[in-house]
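Data block below; observations after.
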Amino acid sequence: MVAFADGAEGGIMSRISDRSRLVMAPAGVLAVAFALCLPIAANAAPPPHTVSTVAGGVGGPARATAVALAPRQVAFGSGKLEVVDSESFAVRRVAAPSDQLTTPLGDGLQGLGAGPAGGTAGAKARLQNPAGISVDASGNVAFDDRNAVYVLAGTTGHFFGRAMTAGHVYRVAGTGIAGFSGDGGPATSAKLSSPNGVGFDHSGNLVVGDAANDRIRLVAQHTGSFYGRSMTANHIYTIAGNGNFGCFGDGGPATSALLRADDTSEQFAADSHGNLLFDDGGNHSVRVVAGATGTFFGQSMTKGNIYTLAGTCIQGFTGDGGPATNAELASPQGLALDGHGNVVIGDTLNNRIRVVAEATATFYDKHMTAHDIYTVAGTGTAGFGGDGGVASAAKLNGPTGVAVDSAGTVLVADAFNRRVRAVATKTGKDFARAMTANHIVTVAGNGNTKFSGDGGAAAHGQLQFPDGALVDASGNLLVADATNERIRIVAARTGTFYGRSLKAGDIFTLAGKGSDTYSGEGGPASAASVALFNPFNGVGAITYYMDGMSLDDSGNVVIPVPDANRVVVVPPHSGHFYGKAMTAGHIYTIAGTGALGSAGDGGPATQATLDRPVATAVDASGNVLFTEGNTDVFGPSTSIDAVRVVAEKTGTFYGRAMHAGDVYTIAGRNCPSSGALGDGGPAMSACFFRIGGVALDHAGNVVIGDGGNNRIRVVAAKTGTFWGVAMHAGHVYTVAGDGTGDENASPNGTLARHASVIPGTPAAVSVDATGNIVIADHALVRVVAVKAGTFDHVAMQPNRIYTVAGDGDFAFGGDGGPPLSASFLGPAGVAIDGPDLFVVDAAANRVREVRP
């Protein structure tokens, strides 16, 4: 999408003479619509530009219950709650007694692991799949990721045999290459395989669940004797498991036992006697490696041997109120010791928190017998409910981690409810929340997937696969937050817009409430459901629906709703538009019944069926154009990829007589994906494949992103020569792309129709204020120049292609530097406000600003 606003005049119209410029082209991970600054005079020195993130990202700093997260594991230490957020590839932190969440580790994007051996700043680390987390006595946070174990230094000092700087990440075990090797040698030279849990034992040694090797391994913090064997500081040793999976070995040496650690994540806990407890989830048990010889947990134990503390190796739910060793568990993935020495277990598939009593007494408002097991939270039915009430009556959904804080509160990673919940053991205040003994409350997470921030600073909000933006006449930035099924707005200034009071710099929802249906017709857009994105097409193939908004002459926001087969509008002011009275900020359908199809040409647009419209444009006559058809990325085209028009008034447009309010097809027909393109012939007979964006150039020609054919094509508005091609009115022609889709970009200055381009599926396309066509070429933003000149600091010749943004690396990076050195991870739209460019970096879940 491209939209312009004149900063001096406070509106976009003064900079644009043709309404066709206000077009938002849709895009996928490999597609973008970009816009260029106005031409720079030859004798003017271009100002330097920099890139920064202005909206989206990991979310926060903010109240912990206001940020979306997906907790996989939790730990508590040094007065802080640490949470592994599996969907943001990050570690979240809430410092007790505060309820403020920060992100000390991870930038919210998946990478290839935490990085080299050391020195990476935690907030810039790119994690791949962290699972376990633990905190040592010095406040260092250990976590596993990609066949290695790392430490986020809590303070500056010397740990694990090396100097560390607070807030930086260091590899302390594993090489990052999967395998098994290194026992008895330096931990950083050893191979691990899919580690899925870390912890610290009573002596401060680092314990690792080496999952795919079915072993528990230990990195010695100091030279000494542990679990019956001599160890050297910073070397690694196996302390349980022989590399084979199974459930065997109780009472004998732990290193001869069979474990089944590869099915679940592990947590570790150490008691005051030096015993190491761990959840052997694949065996549906909790087991212990004795750190000393004596009687523990009601059993006689020998140092270095292994014993079962709870579970029978059979999955199920039985045994409450009886001996823990006779009870059945179901894939336990959480383990902690409370202040009384009771063993707290996340009984994951049973959706319960259970406790093995250390002594006979009253705990969690229950009379318990030593070494018996009891449920203290969860009813066993998966779901969410019960916050503020008794914990045993609440619903959990896949608790995958537990921790106990300094107040004795049990903290639960309620994974599928996307929350961290707390079971208080006493009445009082914790995490800035009033708590009642044995009741449950949420202390982190808002239950959403990467959606947060409404009413707060845009840079602290979360977006999920945004796929376009535009700047309205008041300078507000609108963002299609596609997977969150919302249109969001970043207010340019404090005031009333779309019937709502907005505060400058904050982000709000303009339309949609997160549902993948359509409802709320005629009512407030913010209370309506707008189905912008659906990841499945009904037959299992992934489908990317891109949202291409535009503005009409009255400033109404025109929105395609692909999964509801409609085109809708949201007016900024009350009035009469599209033949009906409309109220500011409400939502109205102007095309489509909601049924899937492509019928009704020549009749009222609101009675026609549409086929997943993905982009819109408004021409100089006020007609609304939209593209529709199959956007299935992997499957063949099975529907009509077409461009259709809702006539604003009665007249002849695009070579057809049209009646106001009716709908007409002007390009595309039903044809196989391998069919002839139809270039040079009538547009109505042409074939398009995974059609995407649509825009109008300065001559009124319809510019179309033909993503599946790796081309940008034009339907001529009149007979003449455009883009270096002789065209006949109503016929279609390729103006960019040779159809090869070669990822190696053609050199700058290549004739556009001979260049290799990958405009994405569906393809974004737009036209800037000068009339240049702007497309995405894989990870690059490229331009086909309409005339000779210097645009965005690049000298161009007509009908040739040039890179204007991106370094070619399909990644996220470059904030703080120039746009040509920045990396974009699926940019999907750009809006211009005076000298500022707002780039929607879709797969990075961010909006980035390029400004002088």
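The values are calculated or read from the model by the stated rules, or taken from the named source; none is laboratory data. All values reported here derive from a predicted model rather than from experimental measurement. Positions of Cβ are backbone-derived with ideal geometry, glycine not excepted, and every protein chain shown enters the neighbour counts. With ligands, DNA and RNA removed, areas are computed over all heavy atoms of the protein, side chains included. Shrake-Rupley method; radii C 1.70, N 1.55, O 1.52, S 1.80 Å.
In segment 288-333, what residues are over 21 Å from GLY378 (Cα atoms), assigned to a strand (DSSP E or B) and without any contact (Cβ under 8 Å) to a residue 40 or more places away in the chain? VAL288, GLY294, THR295, PHE296, GLN299, SER300, MET301, listed by residue number.
Can you confirm whether THR761 is part of a loop (DSSP other than H, G, I, E, B), out of contact with any strand residue (DSSP E or B) (no Cβ under 9 Å at 6 or more places or on another chain) and modelled with pLDDT under 95?
Working: part of a loop (DSSP other than H, G, I, E, B): yes; out of contact with any strand residue (DSSP E or B) (no Cβ under 9 Å at 6 or more places or on another chain): no; modelled with pLDDT under 95: yes.
So THR761 does not fit the description; no.
Listed by position, the strands (runs of 3 or more DSSP E) inside segment 207-274 whose residues that are farther than 29 Å from LEU411 by Cα number at least 3 are 224-226, 229-231, 236-240. Only residues that are over 19 Å from THR53 (Cα atoms) and aromatic (Phe, Trp, Tyr): list them for segment 476-516, please. Matches in segment 476-516: PHE497, TYR498. Determine, yes or no, whether VAL83 is at pLDDT 95 or above, β-branched (Val, Ile, Thr), open to solvent by less than 10 Å² (accessible area, probe 1.4 Å) and within 18 Å of ASP430 (Cβ to Cβ). Here the answer is yes, as VAL83 does meet what is asked.
Filter segment 365-384 down to the residues that are outside any strand (DSSP E or B) and either at negative phi or surrounded by fewer than 24 Cβ atoms within 10 Å (Cβ to Cβ) (or both) and list them by number.
Answer for segment 365-384, where residues must be outside any strand (DSSP E or B) and either at negative phi or surrounded by fewer than 24 Cβ atoms within 10 Å (Cβ to Cβ) (or both): ASP365, THR369, ALA370, HIS371, THR379, GLY380, THR381, ALA382, GLY383, PHE384.
Please return the ranges of strands (runs of 3 or more DSSP E) entirely within segment 385-470 where 2 or more residues are within 21 Å of ALA131 (Cα to Cα) and touching a strand residue (DSSP E or B) at 6+ places or on another chain (Cβ under 7 Å). Even if it seems obvious, please write down each step before you answer.
On the way: elements: 399-404, 410-414, 419-423, 428-430, 433-435, 440-444.
Counting at least 2 such residues, we get 399-404, 410-414, 419-423, 440-444.
Tell me, which residue of segment 483-509 that is touching a Lys or Arg at 6+ places or on another chain (Cβ under 7 Å) and loosely packed, with under 14 Cβ neighbours inside 10 Å is farthest from GLY453 (Cα to Cα)? Top of the filtered list is THR494.
Restricting to segment 793-831, name every residue that is at negative phi, assigned to a loop (DSSP other than H, G, I, E, B) and open to solvent by less than 30 Å² (accessible area, probe 1.4 Å). Selection gives ALA811, GLY817, ALA822, PHE824.
Any residue at all in segment 659-682 that's basic (Lys, Arg), open to solvent by less than 40 Å² (accessible area, probe 1.4 Å) and either within 20 Å of MET549 (Cβ to Cβ) or in contact with a Gly (Cβ under 9 Å, 6 or more places away or on another chain) (or both)?
Start the filter on segment 659-682 by keeping residues that are basic (Lys, Arg), which leaves 669.
Still in the running and open to solvent by less than 40 Å² (accessible area, probe 1.4 Å): none.
Scanning segment 659-682, I find no residue that is basic (Lys, Arg), open to solvent by less than 40 Å² (accessible area, probe 1.4 Å) and either within 20 Å of MET549 (Cβ to Cβ) or in contact with a Gly (Cβ under 9 Å, 6 or more places away or on another chain) (or both), so the answer is no.
In segment 653-679, the residues that are at pLDDT 90 or above form Cβ pairs under 7 Å with partners that are open to solvent by 40 Å² or more (accessible area, probe 1.4 Å) and aromatic (Phe, Trp, Tyr), at six or more places apart or across chains, as follows: ILE666/TYR654. Being modelled with pLDDT of 95 or more and not in a strand (DSSP E or B) holds for only one residue in GLY602, GLY635, and it is GLY602. ASN417 falls short on exactly one of the conditions (1) in contact (Cβ under 8 Å) with a residue 60 or more places away in the chain; (2) buried (at least 20 other Cβ atoms within 10 Å of the Cβ), and that condition is (1). For segment 235-272, a residue qualifies if it is within 25 Å of GLU82 (Cβ to Cβ) and open to solvent by 30 Å² or more (accessible area, probe 1.4 Å), and the qualifying residues are ASP262, ASP263, ALA270, SER272. Scanning segment 745-758 for residues that are within 27 Å of LEU470 (Cα to Cα) and modelled with pLDDT of 85 or more gives ALA752, VAL757.
Just to check your reading of the model, which residue among THR165, THR232, THR223, THR175 is without any contact (Cβ under 8 Å) to a residue 12 or more places away in the chain and surrounded by fewer than 21 Cβ atoms within 10 Å (Cβ to Cβ)? Walk me through it before giving the result.
Working: THR165 fails: without any contact (Cβ under 8 Å) to a residue 12 or more places away in the chain; THR232 fails: without any contact (Cβ under 8 Å) to a residue 12 or more places away in the chain; THR175 fails: without any contact (Cβ under 8 Å) to a residue 12 or more places away in the chain.
Answer to the selection: THR223.
Between ASN283, ASN275, the distinction of being within 19 Å of GLY199 (Cα to Cα) and surrounded by 21 or more Cβ atoms within 10 Å (Cβ to Cβ) belongs to ASN275 only.
Looking at ALA745, ALA686 in this structure, which one is in contact (Cβ under 8 Å) with a residue 40 or more places away in the chain and either farther than 18 Å from THR627 by Cα or within 31 Å of the chain's Cα centre (by Cα) (or both)? On inspection, the qualifying residue turns out to be ALA745.
Examine segment 90-98 for a residue that is among the polar types (S, T, N, Q) and surrounded by fewer than 24 Cβ atoms within 10 Å (Cβ to Cβ), and state whether such a residue exists.
Initially, segment 90-98 is screened for residues among the polar types (S, T, N, Q), giving 98.
Then drop every residue that is not surrounded by fewer than 24 Cβ atoms within 10 Å (Cβ to Cβ), which leaves 98.
Looking through segment 90-98, at least one residue is among the polar types (S, T, N, Q) and surrounded by fewer than 24 Cβ atoms within 10 Å (Cβ to Cβ).
Residue count for segment 334-358 satisfying the condition of being farther than 17 Å from ASN397 by Cβ, open to solvent by 10 Å² or more (accessible area, probe 1.4 Å) and either modelled with pLDDT under 95 or assigned to a loop (DSSP other than H, G, I, E, B) (or both): 5.
Determine if segment 347-357 includes at least one residue that is in contact with a Phe, Trp or Tyr (Cβ under 8 Å, 6 or more places away or on another chain) and in contact (Cβ under 8 Å) with a residue 60 or more places away in the chain. Yes: segment 347-357 contains one or more residues that are in contact with a Phe, Trp or Tyr (Cβ under 8 Å, 6 or more places away or on another chain) and in contact (Cβ under 8 Å) with a residue 60 or more places away in the chain. May I ask you to list the residues in segment 713-771 that are crowded, with 24+ Cβ neighbours inside 10 Å and acidic (Asp, Glu)? Within segment 713-771, just ASP768 meets the criteria. When ALA699 is tested against (1) open to solvent by 30 Å² or more (accessible area, probe 1.4 Å); (2) farther than 18 Å from ALA617 by Cα; (3) in a loop (DSSP other than H, G, I, E, B), just one condition goes unmet, and that condition is (2). Applying the condition of being out of contact with any Lys or Arg (no Cβ under 7 Å at 6 or more places or on another chain) and part of a loop (DSSP other than H, G, I, E, B) to segment 608-620 and asking which residue is modelled with the highest pLDDT yields ALA608. Screening segment 429-479 for residues that are at pLDDT below 95, under 24 Å from the mean Cα position of the chain (by Cα) and of a type in the set (Gly, Ala, Ser) and picking the one that is surrounded by the fewest Cβ atoms within 10 Å (Cβ to Cβ) gives ALA459. Would you mind stating whether SER756 is polar (S, T, N, Q) and in contact with an Asp or Glu (Cβ under 6 Å, 6 or more places away or on another chain)? Spelling it out, SER756 is indeed polar (S, T, N, Q) and in contact with an Asp or Glu (Cβ under 6 Å, 6 or more places away or on another chain).
Condition check for ALA75 on (1) crowded, with 24+ Cβ neighbours inside 10 Å; (2) over 26 Å from SER138 (Cα atoms): one failure, at (2). Taken over segment 180-192, the criterion of being of a type in the set (Gly, Ala, Ser), open to solvent by 20 Å² or more (accessible area, probe 1.4 Å) and part of a loop (DSSP other than H, G, I, E, B) is satisfied by GLY182, GLY184. Among the residues of segment 832-852, those that are under 19 Å from LEU470 (Cα atoms) and outside any strand (DSSP E or B) comprise GLY834, PRO835, ALA842, ALA843, ALA844, ASN845.
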